[in-house]
Structure formats: structure tokens, C-alpha cells
Amino acid sequence: YSIGTRKKIENIFAIAYQHKHDCLVLSALGCGAFRNPPKHIATIFKSVIDQYAGFFKSVYFAIIDDHNTGQDFNPNGNYEPFRAVFKDYSAVPRKHRLVDMMIGPWKILKQINDTEVKLSDIKICHLKPCRDGGKCNHLKNEQHCREYSHPPLCPNTENKTSCKEKHDDQHILWFKHRLQCSYGGECTLIDKDVTHMNEFEHPEFCRDGGNCENLDHEHLKSYRHLPFCRHRRQCVDYNRRSNDHCMKYRHCIPMCRFGKFCTRFHDDKHLLEENHPFRSPPCSFTPFHCQAYNTLSQTDDIKTLPIDIQNHCLLHSHVCRYGRQCHETSDVHWNNTIHVARHMCPYDNKCTKMHNEEHLNSFSHPGIPDIRRLCHL
């Protein structure tokens, strides 16, 4: 019901503007014989006035409490609820512009650049409003959209922040809201792809700014972060503690995007520039020639091994023989091993090259280690 009421009020404003009126005198629409709750109607009016901020010099409400007030839907009359909603209120035009947002009677169709947008014709809606409003799940259905009108994008939404009124059941009916980007703060399209930014919301910046050194995946996804300085800890400005520079960049060592599956474990420069979940530095003889790790991988009880072998395997990372097929669950194993993720053989168990070492060294197969022990016979 409130969706249709808001659309009627929008049309009042659009028609008034089209006829070049610069002031409006409005009533407590339907808050008498039609039993509309005044606070609810006042809130709808306020949302439309926000949309038309700057289009009219003044907007007045002519409200009296007559014989229709003091009832169950308006026990305090109509004047007081309207006064409470608009107390100290002043409509200020919004500076941000996003596609599908309404500016007065126009809808933004395209964002040309930071200062220019393409607008629709004046929108005086004649279609029946979709009863699901901003919560409609059929916005991609062309037939549905030809039959029903849908609300615009929420005006409280900015490129870098999300709407603070999503908890309001009526608000989410009156406006569409962007979906949460599944990549969160790790999204690579932030500030780069306008279409993506218009469709998806992204988290706010981490409040630690350039001082943030939390590289936990959940933290990086939950917040946006400043870019890394390309010099990392070797940065002269960082070592000088330059506030201006450190407020723009982070200097912690980033996590390698391949993590425990990184294949550049013998690249000293890469290991210096990016963090990895496995212990660094890796054994210089891994993956094929470390006798200590070969011994460890063949034993059922690690504690029976000589201390020097145990210490070596704890202090240096080694490539796990099973790669992506590893079923080991212990933290010690995952903190001290590298899992090279080879491509799985497309023929799976039906592969006819199971005895071809070159093929086995190129593709993973179910139940067969990626790194097989040498036969000494």
C-alpha cells in the first residue's frame, strides 16, 4: 500500500514541477476519512521532498485537527506527527549521482563522467507499482518490468558507503538497494568499473588506514583498504614516518594471492615482497631432493625420527607430495608444506596414461601422488 501512496505523492511533485510551480501547499494526505496513519504519511512525504530537494523554493503543509482526528490511527491528531517528522528538517540537494537514482522527476540513465549524467524524460508513472517494491526479485524480467513500475535506487546510497536505513521495512520497499559484492573489500573493480559500482555495494575503509597490518582474509573482505606502497618496508617515507605518505599507503607485506598453492617458492624476490601461509624460507632441495622430508613423509610416527630431521621439517617448508589432493588436516602440516595445484586430468580414473611418467608429472590423478618416490631397484 505504501508503495502506491509514495508513487502518487511523487506524481504530485512531478506534475507541479512540470507546470513550473515553485512552491507547494500539501495536506495530510488521506489521514482522515481514509484512515492513513499520519506519521507514516509524513515519512513518505519527507522521502519525496528529499528527492526533490532544490526543485521548489518552499513546501508547506496545511494541517488542522478536525473531527477525523483522535481516532485509533491518529490518536495524537495529524499536526503533531507531521511536526515531529519535519522538526528542524531542511532538504539539501544530494551531490552524488548513481545510475537508476532519481533527481526530482528524472531518473539517471547513464553516468557519463564524474560531473555529467544522462537523464530520462520526466517520470510521471502510469504503471501499476510492483507490490514488492525495492525487494522485487524480478527486476531482470523484461515482461514484469513492462507491466509494473519499480522504485528508484536509494538516494542514501553513495559509491563508497551503504544505506543506513536498510533496517526500515518501509524504506526498503520505497527504494532499490545495491547488492553486497561477494568479494567485499577485496573486489578489484572498486572505483574502476562504473557499472559494477552501481550494482553492488562495498564495505567502508578500515579505520586503521595506512597503519593496518591485518592480512586475515575475513578482515580484508570486511573492509576496504588503502593501496600498498610499491616499496613496502623499504620505503624512505615510511621509515621517515611521513604522515602524509602513510595516510595514503600501507607498508605491510601483502599476502600472495595464491597462498599455500604458490609455485614461486624458490623466487627470493617474490618471497620478500609477498607473505605466504607456509614457513619461509622453503627448503632449497624441495620438492624432489630433500632426504629429510622424504624420510618424514614415509614414516607413520614422526616422533621416532631423529631430532635433526624433525627440526629441519619444522623450520623449512616442503612441497606436499599430494598437492591439491592432500587430505591432511593438521595445522603443522599446512603451516609447513606447499601444495602445488596441478590441473586434474580430464579423463580422471579412465585415463589410459597412468604409466606415463611425463603425463603423471603434468596432471593430477585420483589416488596418485603428484610426487612419487623413486624406485631404488
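For segment 62-106, how big is Rg over Rh, using alpha carbon atoms and the Kirkwood form of Rh? That ratio is 1.22, to two decimals. Suppose R0 equals 51 Å; then what is the FRET efficiency for D237 and D65 from their Cβ-Cβ distance, rounded to the nearest 0.05? Efficiency at R0 = 51 Å is approximately 0.15.
For segment 199-240, what log10 I(q)/I(0) values come out of the Debye formula at q = 0.15, 0.27, 0.29 1/Å, with one point per alpha carbon and no solvent? Debye curve over Cα of segment 199-240, log10 I(q)/I(0) at q = 0.15, 0.27, 0.29 Å⁻¹: -0.44, -0.99, -1.06. Segment 205-235 and segment 14-31 have their alpha-carbon centroids 50 Å apart.
In order along segment 249-257, the Karplus-derived 3J(HN,Hα) couplings, from 6.51 cos²θ - 1.76 cosθ + 1.60 at θ = phi - 60°, round to 9, 9, 10, 6, 7, x, 7, 4, 5 Hz, and Gly and Pro are given as x.
Distance from the alpha carbon centroid of segment 252-321 to that of segment 65-101 works out to 66 angstrom.
All C-alpha pair distances within segment 204-301, sorted into 10 Å bins from zero, spread as 13, 35, 28, 14, 9, 1 percent across the bins. Considering only DSSP beta bridges where both residues belong to the chain, give the percentage that are antiparallel (nearest 5). Percent antiparallel among DSSP bridges in the chain is about 30.
The orientation-averaged projection of the convex hull spanning the C-alpha atoms of segment 34-189 amounts to 11.9 square nanometres. Computed over Cα pairs, the Kirkwood radius of segment 102-180 leads via Stokes-Einstein (1.306 mPa s, 10 °C) to a diffusion coefficient of 115 µm² per second. Taking amide H atoms as placed 1.01 Å from N in the peptide plane, the amide H of S364 lies under 5 Å from those of H343, M344, C345, each 5 or more residues away in sequence or on another chain. Between T329 and K353, the FRET efficiency estimated from the beta carbon spacing at R0 = 35 angstrom works out to 0.70. For segment 102-180, the share of DSSP beta bridges that are antiparallel, to the nearest 5, is 65%. The Stokes-Einstein estimate for segment 1-75, based on a Kirkwood radius over Cα pairs and taken at 37 °C with 0.692 mPa s viscosity, is a diffusion coefficient of 251 µm²/s. Calculated mean residue ellipticity at 222 nm for the chain: -7000 deg cm²/dmol, from DSSP H runs with n ≥ 4 weighted as -39500 (n - 2.57), summed, divided by the residue count and rounded to 500.
In the set [x] 28.0, 112; [y] 31.7, 106; [z] 21.1, 67, which value of Rg and Dmax of the Cα atoms in Å was calculated from the structure you see? Here Rg and Dmax of the Cα atoms in Å agrees with entry [y].
Close amide H partners of V59, meaning residues 5 or more places away or on another chain with modelled amide H under 5 Å apart, are L24. Relative contact order for segment 228-353: 22 percent, from Cα pairs under 8 Å spaced at least 6 residues apart, divided by residue count. Extents of segment 241-286, taken as max minus min of Cα coordinates on every principal axis and listed largest first, are 44, 17, 14 Å.
Sorted fewest first by neighbouring Cβ atoms within 10 angstrom, Y183, Y89 come out as Y89, Y183. Computing Rg and the Kirkwood Rh from the Cα coordinates of segment 298-377 gives a ratio, Rg/Rh, of 1.03. A dipole drawn for segment 102-180 from +1 and -1 charges on Cβ atoms has a positive end, and of W106, H177, C163 the residue lying farthest that way is H177. Principal axis extents of the C-alpha atoms in segment 282-332 (largest first, rounded to whole Å): 29, 24, 18.
The phi torsions of segment 57-62, fed into the Karplus equation with coefficients 6.51, -1.76 and 1.60 and a -60° offset, translate into couplings of 5, 8, 10, 10, 10, 9 Hz, rounded to whole numbers, with Gly and Pro shown as x.
Couplings for segment 90-99, taken from phi via the Karplus curve 6.51 cos²θ - 1.76 cosθ + 1.60 with θ = phi - 60°, read 9, 7, 10, x, 7, 8, 7, 9, 10, 4 Hz in order; Gly and Pro are left as x. By how many degrees, 0 to 90 and rounded to 10, does the Cα axis of helix 2-18 deviate from the longest principal axis of the chain? Between the helix axis and the principal axis of the chain, the angle is about 70 degrees. Considering only alpha-carbon pairs that sit under 8 angstrom and 6 or more positions apart, the relative contact order computed for the chain is 9 percent. Contact order, relative form, for segment 2-86: 35 percent (alpha carbon pairs under 8 Å, 6 or more residues apart, mean separation divided by residue count).
Just so you know, all these numbers are worked out from the coordinates, no wet-lab data involved. Here the structure is a predicted model, which means the values were calculated and not measured. Note that each Cβ is placed from the backbone with ideal geometry, even for glycine, and that neighbours are counted across all protein chains shown.
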